[in-house]
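Asks: Quick one: the structure is below, and I'll ask about it shortly.
Rule-based calculations on the coordinates, nothing more; no lab input. The structure displayed is predicted, hence computed values, not measured ones. Positions of Cβ are generated from backbone atoms using ideal geometry, with glycine treated the same way; all protein chains shown enter the neighbour counts.
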Amino acid sequence: MADKKKPFLTDVKTLRARARKHLEGGAVTDTYKGNVKKTIDILQSVLATEIVCVLRYTMHAVAATGISSEGVKAEFAEHAREEQEHMNQVAERINQLG
């Protein structure tokens with residue numbers, strides 16, 4: 001059994017070394033076929049939309065009133081957090097692409 005595990009561990013080490021080597025190349029490799037500028041332009045539009053969604057959901061969470069307002073506020077706040085995650089992911093991708 002020990003012999004079967006050792007090659008697997010060696011393979012993991014090899015895979016990690018290869019992955020590190022590829023990471024050094026950055027987010028845009030020589031084989032990337034897309035137009036980086038166009039991709040960034042699209043992502044910036046997506047980012048703007050996500051920012052607006054965060055603001056709207058946050059405002060709804062603050063402004064909700066009425067007998068069920070606490071549940072409604074919590075729901076809008078959760079949507080705002082989800083949209084903020086999307087916003088951060090898009091911003092990170094823009095940053096990776098340069």
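Asks: For residue 50, are the conditions met, namely being surrounded by 13 or more Cβ atoms within 10 Å (Cβ to Cβ), touching a Lys or Arg at 6+ places or on another chain (Cβ under 9 Å), within 30 Å of residue 32 (Cβ to Cβ) and of a type outside the set (Phe, Trp, Tyr)?
Replies: Judged against the criteria, residue 50 is not a match.
Asks: Collect the residues in segment 61-78 that are in a helix (DSSP H, G or I) and not charged (D, E, K, R), keeping them in residue-number order.
Replies: Selection gives 61, 62, 63, 69, 71, 72, 74, 76, 77.
Asks: Another question about this same structure. If you scan segment 31-50, which residues turn out to be in contact (Cβ under 8 Å) with a residue 40 or more places away in the chain and out of contact with any helix residue (DSSP H, G or I) (no Cβ under 9 Å at 6 or more places or on another chain)?
Replies: Once the filter is applied, which keeps residues that are in contact (Cβ under 8 Å) with a residue 40 or more places away in the chain and out of contact with any helix residue (DSSP H, G or I) (no Cβ under 9 Å at 6 or more places or on another chain), segment 31-50 yields nothing.
Asks: How many of the residues in segment 57-74 are charged (D, E, K, R) and free of Cβ contacts under 8 Å to residues at least 12 places away in the same chain?
Replies: Adding up the residues that qualify gives 1.
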